[in-house]
Amino acid sequence: MRHLRHAAAAWAIASGLVAGTAHAQSAEQAASASNEDDEDSRAGGSGEIVVTAQKSGAQSLQQVPLAIQAFSGEELKERNITTIGDLVSSVPGAQEGFRQSNGSRFYNLRGNVTQNGDSPIGYYLDDTPFIVTNFGIAPPVRFIDMERVEVLRGPQGTLYGQGSSGGVFIFHTRDPDLDSVEYVVEAETSNTRGADGWNYGAAGAVSVPLVRDLLAVRVSGGFSRDAGWADAYFGPFDGTPDQTGVNGAKNDDIRAVVLFRPWDNVNIRGQYWKFRPRQDFTGFTASVDPPYFQNTAGQDGFSNGDFTLWSLTADVDFDGFTVTSATSHLEGEFGINIPLSPSGSFSSQFLPKMFAQELRVNSNGSSPLHWVVGAAYQDGQGPQVNALTLPGVNINADNNTLTENWAVFGEVSYDLFDGKLVPLVGLRTYHDDRSFQDGTGTVPTKTSVETWRVNLSYLPTDNLTMFVSAATGFRPGIVQSRVQVQSLELAGVPATVALSPESSTNYELGIKWRNPGRTLSVGLNLYQLEYTNLQTSVTGGINGVNGFANFGDATTKGVDLEVRWEPPIDGLNLGFVGNFNDSKYDTVNQVIAATQPLLRPGARLLNTLDSNYRVDLNYNRDIVDGLEGFGNISLSHSGDRLQASGITAQPYDLVNLTFGVRQDRWEVAVIGNNLTDERGPTFVGTTGPLSGSGPTPRTLGIRFRLFSM
C-alpha cells in the first residue's frame, strides 16, 4: 500500500504541473519536443549519434564528456549481438565474471566482481532500474525490438546511485509509433557443435496507432530453444556418458508498451515486460573440451527464472525545464539445483521484489546553464530458500534481505566561452535501511553515503572533446547467511553477516576526436579506479559453502581505446575497441592474507581481465538495383585472469561472422559464432564437479527477417 502512496504522490505532482501549464510551450518548442524522441537514437542529417545518458535530454555522443558507447538496434542485428553476454566483447574493460546459466550471469566493468550482493553495474530498462536485492544478477534480456544500448564506463554514482560503481548499461526499447503501423518478424535456426539437436527461435514486434497522434500500442516478444551440448556422467568420467545434451536452454519474452501523448509536450508511457529464461543443468562443467558434468548420481540440475516488470513514465516539457516521473515494480522467481557428489545437491530459490520511484527535473532550451535535480525511492526484498544436502550434512539456510532506501541528487554545468569550456559538479546523498533475516533473528544495518562527480570538458570544435573528471560510486554491503559466516570462520577468515559498503573513486582523462570528414574517429581514456572495502568471495571451511569478506583496498589503472575508420572503399567500416589494465591489491586484511595466500598487497586482483579487445570489419554494398549485401566479421580477445582457486583461466579468442542480403522489406543472413571452436575456459572454480565454464562451441545458422520499415 505504501508503494501506491509514493507513486500517487509523484504522479499527483506531475499531473498538477501538466494541468496548470499544458500549453506553456510555444508552437516551435512543442514541435521540437515532439521530434526529440525520434532523434534520440538515430543519426541526424549531420550523421550525429545521439544519447540521453546524462538525463538532461538528447546530446551528441561525440560531445558527451564521459567514457560512453552507444549501439543502435540495427548495429546489434548486423553484428548478431542478441544478449548482454554478446555485447560485453564490444565494451572496453567489460567481462563476464560469473555464469551459472542463460538466466544467471554476472558482469563487470573495470574491476572486481562477485555473484552476491547488489550488482557492481547498474542496469536500466529504459528509465527503470533492474535490481535484485543482494544478488547481482544481470537482467536476462534478449535484444528484441531494441532502439539502442548505451554503456557508461566507470562510477556513475550521482545520477544512477548504488550499484553503479563500475558503470551502467541502459537498454532503450522502441516506442510505439503514433502515426503508422510498423512490424518486424524474424526466425532463426542454427546448430552447435556436439549439440543434441538444432537451435531455433522466432521473434517479432508490431506497433499500431489506436488514435492517430494520441495513443499507440507496441507489442514485441519471441522465443528461443537451444539444444544441449554437454553430457552427464552419473559417476566419474569414463568416456560413455549416461545422458547427452543435458544443458539445453530456452527463453520466452513478451513486452507491451502503450504511449499516450495528450498534448505535444506530454508523453506518458506504460510498459509490461515478462522474460522467462530456462536451462537444464548449470553452466559449470567438469571439463570444457569435451564439455561434461560428472558425479551427478542421475540427478537433474536446472536454472529457471521468471521475471515480470511493470513501469509507468511521464515526461512533461515546459519552457526551460522538463519534469520526469518513473515508477516501476519488479517481481521475480529464480531457482537453481546443482547436483553434488556423491549423492547430494545444492538448491536455492530467489523471490525478489523491488518497487522504484524517481522524480526529476532537468533544464532544456538554449541557456548556458544546464542542470538536473531529482529524488529516488526504492523498497525491496530478496527472500531465498537454500538447502545443501550431502552425506551426513543437511543445511537449510533460508533468509531474506529487506531494503528501503532513498536518495536526492543533482548535477549542474555551465557553458563558458560559447560552450567551449564546460565545468560540471554533481552530488548524490543516499540512505539505506537494510536488514537480514534468518531463522535465528534479524540483523539491521543503516548506511548513509554521499557520492559526487566533477568534470571539466573542453570542446574547441564539433570534432574534438577533451575532459578530465573525478567521480565516486559505491555498492551496498553484502549480507550473507550465518552458515556462510560459520564456513568462513572454520577457514580462519573473520566474517560478519553484514559487510561494510564498497566504495570507488575514479580519476579519468578522456579525448574524443574525429576528422573533418568524419571518416575516422578516435576515443582514448586513461583512468585510475580506487576501491575501498573491496567485497570478494572467499573459500569456506564447509565443503560447497563459500562466503564474502571485505578484503581491503585495490587500485585499477587502465587505458580504453576506441577507433572507427571508413577507408576510401564504399561501404567498408573498420572498428577497434580495447582495454589494457593493471589491477592490484593495495592493502589486505592481515588475518585474511594469512589464510588466503593469493591475497596480499601488490598481488593481482582476482577474477579480473588484464586486457580485452575486439576488431570488427563491416561491409555493405549494393549487389544489384534494390538488393544490398552486408557482412560483419569480428575477432574478440579476452585476456587471462587469476581465479580464487589459484588457477589462471588462460586467454582466448572468438571469431564471429554474419553476412547476408536485404531488400526494402526482407533480409536473410548466415551466422557463425565461435568459428574456431574455442573452448576456454572463461572461468575456473574448484577442481571438482563445478570446475568451470567456457564459450558456447561453434554455432552456424541462418536468420530471416521481414519488416515494414
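The values are calculated or read from the model by the stated rules, or taken from the named source; none is laboratory data. Since this is a predicted model, take the numbers as computed values, not measurements. Cβ atoms come from the backbone with ideal geometry, glycine included; neighbour counts cover every protein chain shown.
Structure summary
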{"read-out": "Residues of the range 205-215 satisfying the condition of being more than 12 Å from R174 (Cα to Cα) and in contact (Cβ under 8 Å) with a residue 40 or more places away in the chain", "value": "D213, L214, L215"}
{"read-out": "Subset of the range 613-657 (residues that are in contact with a Pro (Cβ under 7 Å, 6 or more places away or on another chain) and in contact (Cβ under 8 Å) with a residue 60 or more places away in the chain)", "value": "S638, L654"}
{"read-out": "Residues (surrounded by fewer than 22 Cβ atoms within 10 Å (Cβ to Cβ), assigned to a strand (DSSP E or B) and not aromatic (F, W, Y)) located in the range 292-308", "value": "N304, D306, T308"}
{"read-out": "Within the range 593-632, tally of residues that are among the acidic types (D, E), more than 30 Å from the chain's Cα centre (by Cα) and not in a strand (DSSP E or B)", "value": "1"}
{"read-out": "Residue check for Q590: among the polar types (S, T, N, Q) and free of Cβ contacts under 8 Å to residues at least 24 places away in the same chain", "value": "yes"}
{"read-out": "Matching residues in the range 413-443 - criterion: being closer than 30 Å to M466 by Cβ and over 27 Å from the mean Cα position of the chain (by Cα)", "value": "S413, Y414, D415, L416, F417, D418, G419, K420, L421, V422, P423"}
{"read-out": "Lone unmet requirement of (1) of a type outside the set (F, W, Y); (2) surrounded by fewer than 16 Cβ atoms within 10 Å (Cβ to Cβ); (3) in a strand (DSSP E or B) for L635", "value": "(2)"}
{"read-out": "Some residue of the range 204-214 being in contact with a Phe, Trp or Tyr (Cβ under 8 Å, 6 or more places away or on another chain), under 27 Å from L700 (Cβ atoms), buried (at least 18 other Cβ atoms within 10 Å of the Cβ) and of a type outside the set (S, T, Y)", "value": "yes"}
{"read-out": "Candidate set: the range 432-453, residues that are farther than 14 Å from Q480 by Cβ and of a type in the set (D, E, K, R); chosen: the one surrounded by the fewest Cβ atoms within 10 Å (Cβ to Cβ)", "value": "K446"}
{"read-out": "Residue within the range 62-73 that is part of a helix (DSSP H, G or I), modelled with pLDDT of 85 or more and within 21 Å of G523 (Cβ to Cβ) present", "value": "yes"}
{"read-out": "Spans of strands (runs of 3 or more DSSP E) in the range 104-192 with at least 1 residues without any contact (Cβ under 8 Å) to a residue 24 or more places away in the chain, surrounded by fewer than 24 Cβ atoms within 10 Å (Cβ to Cβ) and of a type in the set (F, W, Y)", "value": "none"}
